[in-house]
Amino acid sequence: MLAELDKLLGSCVFEIDCCKDLKKLEGIRVAVFGKNGKLTQKMKCLKNLSPSDRKVIGAKINEVKSAIIEKLSIKSNNLEMIELEKRLDNEVIDVSMPVDTKFFGYIHPISKVFSEISAILNGYGFRFAEGPDIESEHFNFDTMNMPEYHPARTMHDTFYLNMPADENGRKLLRTHTSPVETRYMLKHEPPLRFFTIGRTFRSDYDATHTPMFDQVEMLVVEKDVGMAQLKWLIKDILKKFFNLEKLLVRFRPSFFPFTEPSAEVDINYSIVNGKMVFGTGDKWLEIGGCGVSHPNVLKAGGIDPMQYQGIAFGLGIERLASLKYGVPDLRSYFESNEKWRETFGFSPMEF
Ligand code: DAH
């Protein structure tokens with residue numbers, strides 16, 4: 001038996017020495033230590049031996065076992081190193097090679113404006129938060145001071161979803177980002193400053209309306225804020241966005257159920273050679289709405305309107321992008337036209 005064990009050790013050491021890959025090494029391990037492995041079999045025989053033989057043979061088996069395990073582990077480390085070196089040799093990246101921009105694609109103007117606006121609003125200390133695209137009637141309308149049968153609901157050309165209603169009413173594609181205001185207020189204590197950017201949906205389609213569009217929504221809730229701060233803030237944000245010291249912004253008195261007073265925000269532009277040029281001319285493009293939060297909106301967000309006031313705006317991202325980057329037709333943003341992307345898209349290298 002002792003001689004057999006010595007022979008087993010010798011043949012294992014030889015096989016391990018000759019082995020050239022990890023898979024085969026694993027095969028050797030299983031052939032020795034597996035359920036029916038050569039050494040396992042020997043261990044099984046121990047119980048049939050006399051106690052004195054068992055002591056001697058048992059010690060020998062352990063000795064052979066440790067020797068093989070050590071051999072296997074050294075070999076496996078060696079083979080791993082060799083495989084790693086082989087892989088590294090094949091994975092050479094020459095960082096001095098010129099960049100092939102053809103494979104990069106383009107940054108869509110909407111994404112570009114998204115990051116520009118985020119950077120500006122972060123600068124004032126606004127926190128970013130998101131809400132769901134699929135909203136309920138409760139959040140989209142009720143909490144925005146538009147109870148059932150409120151005439152303003154019909155102005156929103158809503159896409160209702162063919163899904164069962166729940167305690168928050170029917171499901172719909174959100175018609176504006178304003179419901180995120182409520183969601184944020186319910187989770188955070190005032191004073192607060194927050195903004196969201198995201199998709200909104202309305203059944204509307206022409207050169208200045210698309211069924212899907214993006215809005216940026218901003219809300220400030222503090223003890224002493226009002227229309228004056230709101231007008232200053234919007235103008236300051238737009239000046240930063242357009243990189244202009246002077247910018248004509250028009251606040252037109254308007255009506256939104258969720259704000260009182262309310263205003264629509266227009267920007268001055270003209271069309272030169274088929275391109276939109278802002279800051280001159282006699283045309284005005286409405287880019288969104290703003291106002292002082294209605295007490296019912298603050299209440300729906302769990303905030304006491306006797307103690308706090310809110311100022312808010314919602315601006316259309318495509319319209320801002322059109323003004324800044326001269327895109328005349330809003331529909332073209334979503335047509336995935338390659339030529340258009342080349343003209344109006346941005347290189348990822350300059351992001
Ligand atoms: N939610 C409005 C819309 O989509 C825009 C808006 C107007 C947002 C006034 C506001 C606001 O936060 O105060 O038409």
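The values are calculated or read from the model by the stated rules, or taken from the named source; none is laboratory data. This is a predicted model, so every value here is computed, not measured. All Cβ positions, glycine included, derive from the backbone under ideal geometry; neighbour counts span all protein chains shown.
Answer yes if at least one residue in the range 91-100 is assigned to a helix (DSSP H, G or I) and either among the β-branched types (Val, Ile, Thr) or at pLDDT below 90 (or both), and no otherwise. Taking every residue of the range 91-100 in turn, none turns out to be assigned to a helix (DSSP H, G or I) and either among the β-branched types (Val, Ile, Thr) or at pLDDT below 90 (or both).
Of all residues in the range 221-264, those satisfying the criterion of being of a type in the set (Gly, Ala, Ser) and within 11 Å of the ligand (Cβ to nearest atom) are SER254, SER262, ALA263.
Counting only residues that are in contact (Cβ under 8 Å) with a residue 24 or more places away in the chain and among the charged types (D, E, K, R), which one in the range 273-329 is farthest from the ligand (Cβ to nearest atom)?
Looking only at the range 273-329, we keep the residues that are in contact (Cβ under 8 Å) with a residue 24 or more places away in the chain, and these are 274-279, 284-294, 296-298, 300-303, 307-329.
From the residues that got through so far, the ones that are among the charged types (D, E, K, R) too are 275, 286, 318-319, 324, 329.
Numbers: LYS275: 27, GLU286: 10, GLU318: 13, ARG319: 12, LYS324: 20, ASP329: 20 Å.
Here the answer is LYS275.
Residues that are surrounded by fewer than 20 Cβ atoms within 10 Å (Cβ to Cβ) and touching a helix residue (DSSP H, G or I) at 6+ places or on another chain (Cβ under 7 Å) within the range 162-182 comprise ASN168, GLY169, ARG170, listed in sequence order.
Filtered by the rule that a residue be exposed (fewer than 12 other Cβ atoms within 10 Å of the Cβ) and not basic (Lys, Arg), the range 12-29 gives PHE14, ASP17, CYS18, ASP21. Of the strands (runs of 3 or more DSSP E) lying entirely inside the range 107-207, those carrying at least 2 residues that are within 12 Å of the ligand (Cβ to nearest atom) are 192-201.
Pairs linking a residue in the range 165-192 that is at positive phi to a residue that is outside any strand (DSSP E or B) and away from the ligand (no atom under 14 Å from the Cβ), with Cβ atoms under 7 Å and 6 or more positions apart or on different chains, are GLY169/GLU137; GLY169/HIS138. A Cβ distance below 9 Å, combined with a sequence gap of six or more or placement on separate chains, defines the contacts here; from the range 332-351, residues that are of a type in the set (A, V, I, L, M) reach residues that are assigned to a loop (DSSP other than H, G, I, E, B) in the pairs MET349/VAL99; MET349/PHE104.
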